[in-house]
Amino acid sequence: MRIIAGIITDKVFKAYVTKKQQKRYYVGSPSNIMSILEAQGCNEISIFNIDSCIGNNYINQLRASVESCFLPLSYGGGIKTINAAKKLVSSGVERLIFGSALFNNKTIIKQCVELFGAQSVCISLDLIYDKTSSKVLNRYANKFVKLDETIDMVNKTGCSEIIVTFSDHNCLESSTLPINILSKLRDLFSNQIIIAGGISSHLQIERYSKLGINGVLLSSRIYLHRSYDGVCIDYNRLTL
Amino acid sequence: MKHISILNSPWGNKSSCASALKRLNLNYSIKTAKEALSSSDVLILPGVGNFKYAYNYLLDSYELESICRFVEKGGKIIGICLGMQLLFTHSDEGDSPGINLIAGKVIMLGESNKQVTNIGWNNTFSTTENLNCKYYHTHSYHCVPFDRSIVSHESEFKGTKIVSGVKKDNIIGFQFHPEISSKNGLSLLKDAILL
């Protein structure tokens, strides 16, 4: 089971934790966090740029961070051109994560698969479980697309991995996420599936593993943090 | 002191390789194979990329020729991930020929036509040192050398043994990424360069 540590950054490469994807709490320099995570035996790191703005300064700081951390690194947020993708890969990113590009810019995903190989391309999905219709929908902007259709689109891109975030966190936290949703996902997509969001216990990780899920992405859960308090990074709290 | 060149190419994680060599206090630079011919003892072909695209680039830029001359001259070549695959005769990825420094083929992982990818820290067995170590793998294709005696590392994917490393004279290949496999990876990379 791959246990991936997520680091959320803004456009000036400062790390934050977010609450309900809205309020941001500053937790330090991604470079320091990456070094600490490596020392704690972290498997992989994913960096998300929530401002979706990749400036030269951002790339330079990312490159500097890679110099001090010898772990696999993936990046997501604002990859709109093949040049941006090339800059990211040449600065040490090993996998590129796309989100809305699946719906509005498939070309960039296909170009990256052709240039960097399928193993270097990942698509992030934002799923919600509609209890009334018992359907799983993928949220893109204000539209909802059925799970089958979404995965069909993903398969056509040739990417090797999906990161599935369930926006309805209660669904995961209360352990009520129907097993058949994950089983269906497993049937529809033969490659790597990573679950993100709302993971709060080791038991939950074990359950996903038994369902054939390949990994989990932990983000705010690796930080112990309250407003005005210090920040403690504890990768092993959930993973050991 | 040995001088190491990381192949300057439009694909590949050159920066991660450079960071690893910097950490190991080795003398390196990012160069074309042609430049490396006269100035380097070791040439690293970095990973992350598509086989056909990479091969066509090497062919069109005459780098293929320089790489072969570098090896003939006695230089050591280290291929990482895609870099290792490129050393083989042929790849199913894009149905493309390779540099052909190692006789063998590169085929898709898994048994069906469905693409599967091996991503994660896999237990890797060193056939030369007879020990297991975890290294980070990420690949959808794997190498099958015709001469099994050159296999230096093996790992398992879905119950099947796959070749994770080869060593043939001055040609070394790693299917995994030693440059991002933390301390174990750095130590392996250092040995591959210096020994």
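Just to be sure, is A:Val89 under 23 Å from A:Asp126 (Cα atoms) and part of a helix (DSSP H, G or I)? Against the criterion (under 23 Å from A:Asp126 (Cα atoms) and part of a helix (DSSP H, G or I)), A:Val89 does not qualify. Among the strands (runs of 3 or more DSSP E) confined to segment B:1-103, the ones with at least 3 residues that are surrounded by 20 or more Cβ atoms within 10 Å (Cβ to Cβ) are located at B:3-7, B:42-45, B:76-80. Within segment B:1-60, the residues that satisfy the criterion of being within 14 Å of chain A (Cβ to nearest Cβ) and small (Gly, Ala, Ser) are B:Ser9, B:Gly12, B:Ser15, B:Ser16, B:Ala18, B:Ser19, B:Ala20, B:Gly47, B:Gly49, B:Ala54. Determine if segment A:95-103 includes at least one residue that is buried (at least 24 other Cβ atoms within 10 Å of the Cβ), part of a helix (DSSP H, G or I), modelled with pLDDT of 90 or more and not hydroxyl-bearing (Ser, Thr, Tyr). Looking through segment A:95-103, none of the residues is buried (at least 24 other Cβ atoms within 10 Å of the Cβ), part of a helix (DSSP H, G or I), modelled with pLDDT of 90 or more and not hydroxyl-bearing (Ser, Thr, Tyr).
Yes/no matrix, rows are residues, columns are (1) within 13 Å of chain B (Cβ to nearest Cβ); (2) part of a strand (DSSP E or B); (3) at pLDDT below 90:
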| site | (1), (2), (3) |
| --- | --- |
| A:Lys80 | no, no, no |
| A:Ile108 | no, no, no |
| A:Leu115 | yes, no, yes |
| A:Leu125 | no, yes, yes |
| A:Tyr129 | no, yes, yes |
| A:Val136 | no, yes, yes |
| A:Thr150 | no, no, yes |
| A:Val154 | yes, no, no |
| A:Val164 | no, yes, yes |
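Looking across segment A:1-17, the residues that are aliphatic (A, V, I, L, M), out of contact with any Phe, Trp or Tyr (no Cβ under 6 Å at 6 or more places or on another chain) and away from every other protein chain (no Cβ under 14 Å) come down to A:Ile7, A:Val12, A:Ala15. Scanning segment B:113-124 for residues that are closer than 13 Å to B:Ser140 by Cβ, within 10 Å of chain A (Cβ to nearest Cβ) and either touching a residue at least 12 places away in the same chain (Cβ under 8 Å) or polar (S, T, N, Q) (or both) returns B:Gln115, B:Val116, B:Thr117, B:Asn118, B:Ile119. Filtered by the rule that a residue be surrounded by fewer than 19 Cβ atoms within 10 Å (Cβ to Cβ) and away from chain A (no Cβ under 14 Å), segment B:134-150 gives B:Val144, B:Phe146, B:Asp147, B:Arg148, B:Ser149. The residues of segment A:22-72 that are more than 25 Å from A:Asn83 (Cα to Cα) and away from chain B (no Cβ under 14 Å), listed by number, are A:Gln22, A:Lys23, A:Arg24, A:Tyr25, A:Tyr26, A:Val27, A:Gly28, A:Ser29, A:Asn32, A:Ile33.
The values are calculated or read from the model by the stated rules, or taken from the named source; none is laboratory data. None of the values given here were measured: they were computed from a predicted structure. Here Cβ is always computed from backbone atoms with ideal geometry, including for glycine, and neighbour counts include all displayed protein chains.
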